[in-house]
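Notes follow the structure.
The values are calculated or read from the model by the stated rules, or taken from the named source; none is laboratory data. Quantities reported herein were computed from a predicted structural model and do not represent experimental measurements. Neighbour counts are summed over all protein chains in view; Cβ atoms, including those assigned to glycine, are modelled from backbone coordinates with ideal geometry. All accessible areas refer to the heavy atoms of the entire protein, side chains included, with ligands and DNA or RNA removed. Shrake-Rupley method; radii C 1.70, N 1.55, O 1.52, S 1.80 Å.
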Amino acid sequence: MTVLEQPGSSRNKSSLAGPPPAWRPRVDPAPLLPDEEPYRILGTDAAARLDSGLLTRLYAQLVRGRRYNAQATALTRQGRLAVYPSSTGQEACEVAAALALEERDWLFPSYRDTLAAVARGLDPVQALTLLRGDWHCGYDPHEHRIAPLCTPLATQLPHAVGLAHAARLKGDEVVALAMVGDGGTSEGDFHEALNFAALWQAPVVFLVQNNGFAISVPLAKQTAAPSLAHKAVGYGMPGRLVDGNDAPAMHEVLGEAVQRARRGGGPTLVEAVTYRIEAHTNADDATRYRTDAEVETWRAHDPIALLEHELAGRGLLTDEFVATTRESAEQLAADLRERMNADPVLNPMDLFTHVFAEQTGQLRAQAAQLRAELEAEATGHPEETAGTAPAEEARP
């Protein structure tokens, strides 16, 4: 007998009591809803309150970021980088993410977010080591408080939640900012991270860069939600929808979310509406799934041009300022080009250095075999390495 077949049970009896109170939402959902349109500052009356120092700082970082993207893309054509996922057109998101954080905070980037890491102070060569194929992570995450660049989609998000939650339990006023693309929101890790973050009220900010495509798949084929920011409401956190090409708006929204998290207000999901001007990577042919006309439409909404318009209106876009900014960007590119053109000196034994704190027997056996092969190659007697590693090397 089913529950509905129990005596007195009925689906349609209006005299039955409603659901028990436990079903009700914990908070009023209305304040969690994002704006109907992406939040903007540039081109609105709100731009008048912006600090000139912030505007010039953002502009300098955007110009450096654009030049960095161009140089990294050129390095792929020269064979110095295996692959590069450009963030050209998305520089406002990248720069704002870095500038919104304090030194004690942590950044959790995706593979496209090398510019955010560089804007936070990471050496550009170290930021590109993964994409060069030298190291999985070419920098010390603890030194820079930047997690390793994440190539699997969205797996960095639960890590960010875990770090933020641990910091809160310890009483440290640390905030984690996790970056992900619109394609990553279709992964289970995205939903699990948001759910845990909201339940624990973890001090973490999720920044979704909605650049229109998950490789070749447009957003409309990934979700039927009104916006990605609306997904926040289902987990019990605020959702913010912002113009991702408006650098001051990005800086303000992310800054507010970071401070809210630091004060104990919990997580925020920020969707930045932007566009990927370049292809997914240098190995992608974007003309197969989008038109040149679409790209040109977004070029008219370029983040650098939008900021230049505001600076020019204030009389801040002087020839001297522009020349100084461009010179700084060219110095960055020249240094990157020179250092990336030098062949790195790599030690094959490093393959075993950072796998486990204490090597397993299997790793010790593999290391011994590789060491023997390298020594034989150096002496010109490769036949000496025939056979397997010594038995004692394989013991745990």
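Couple of notes before you dig in:
- Pairs where the first residue, in segment 282-297, is assigned to a helix (DSSP H, G or I) and the second is open to solvent by less than 90 Å² (accessible area, probe 1.4 Å), C-beta under 6 Å, 6+ apart: Ala286/Ala279
One line per residue, one yes/no per condition, for (1) on the phi < 0 side of the Ramachandran plot; (2) touching a strand residue (DSSP E or B) at 6+ places or on another chain (Cβ under 7 Å); (3) touching a residue at least 24 places away in the same chain (Cβ under 8 Å); (4) open to solvent by less than 20 Å² (accessible area, probe 1.4 Å):
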| position | (1), (2), (3), (4) |
| --- | --- |
| Ala154 | no, yes, yes, yes |
| Leu157 | yes, yes, yes, yes |
| Ala166 | yes, no, no, no |
| Leu207 | yes, yes, yes, yes |
| Leu228 | yes, yes, yes, yes |
| Gly239 | yes, yes, yes, yes |
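- When Leu107, Leu101 are screened for being in a loop (DSSP other than H, G, I, E, B), at pLDDT 95 or above and closer than 20 Å to Leu254 by Cβ, only Leu101 passes.
- Close pairs from segment 104-133: first touching a residue at least 40 places away in the same chain (Cβ under 8 Å) and more than 21 Å from Phe190 (Cα to Cα), partner of a type in the set (Val, Ile, Thr) and crowded, with 22+ Cβ neighbours inside 10 Å, Cβ under 7 Å, at least 6 apart: Ala119/Val95; Pro124/Val118; Leu128/Thr114
- Single residue of Thr268, Thr281, Thr325 found to be of a type in the set (Ser, Thr, Tyr), surrounded by 15 or more Cβ atoms within 10 Å (Cβ to Cβ) and in contact with a strand residue (DSSP E or B) (Cβ under 7 Å, 6 or more places away or on another chain): Thr268
- Members of segment 41-75 that are small (Gly, Ala, Ser) and either over 27 Å from Leu241 (Cβ atoms) or not in a loop (DSSP other than H, G, I, E, B) (or both): Ala46, Ala47, Ala48, Ser52, Gly53, Ala60, Gly65, Ala70, Ala72, Ala74
- Pick from segment 209-226, criterion touching a strand residue (DSSP E or B) at 6+ places or on another chain (Cβ under 7 Å) and assigned to a loop (DSSP other than H, G, I, E, B), ranking: most open to solvent (accessible area, probe 1.4 Å): Gln222
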